[in-house]
Amino acid sequence: MSSLAQCGRRGIVVFALIACAATFGVSGCSSDSAGTQASEAPGEPAVAVDDPREEFRLSFIGGDLSVEKAGSAVEKAGYTWRIGEIDGEPQAVTMDYREDRLTFTVEGGMVTDASWG
């Protein structure tokens, strides 16, 4: 392949990267979220929750439920669970997203956070 052809390809790739950065990078620079976030009390959602799955997830947040009890409740509801973080240490987990799985954050043996996936 001639060096002219290689330069042409590189130029196209560079142009495409610059175009993507300009398109997507600029939109991420502005922030007008100051007025869109409601303040929230610890352990309470910022807005009313209409989704039963989200209410279920929120019921585990707060640090007053042991991993064993939380896991039993999840299994009883027909979902699966795993631990993503223990006392600030990330655990080895798969990167696949599963709608039926809660991932717990655990501090001192108590669940402090939960997320679907």
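The values are calculated or read from the model by the stated rules, or taken from the named source; none is laboratory data. Fair warning: this is a prediction, and the values are worked out from it, not measured in the lab. We place every Cβ from the backbone using ideal geometry, glycine too, and count neighbours over all the protein chains shown. Note: accessible area is taken over every heavy atom of the protein model, side chains too, but ligands, DNA and RNA are not part of it. Shrake-Rupley method; radii C 1.70, N 1.55, O 1.52, S 1.80 Å.
Of all the numbered requirements in (1) open to solvent by less than 50 Å² (accessible area, probe 1.4 Å); (2) in a loop (DSSP other than H, G, I, E, B), Asp50 misses one, and that requirement is (1). With respect to the conditions (1) assigned to a loop (DSSP other than H, G, I, E, B); (2) surrounded by fewer than 12 Cβ atoms within 10 Å (Cβ to Cβ), Val93 falls short on a single one, namely (2).
Only residues that are open to solvent by 70 Å² or more (accessible area, probe 1.4 Å), out of contact with any strand residue (DSSP E or B) (no Cβ under 6 Å at 6 or more places or on another chain) and not in a helix (DSSP H, G or I): list them for segment 60-86, please. Passing the criteria: only Asp64.
Looking only at segment 39-63, how many residues end up being of a type outside the set (S, T, N, Q) and at pLDDT 90 or above? Explain how you work it out, then say what you get.
From segment 39-63, those of a type outside the set (S, T, N, Q) are 40-58, 60-63; that's our starting set.
Still in the running and at pLDDT 90 or above: 52-58, 60-61.
Count: 9.
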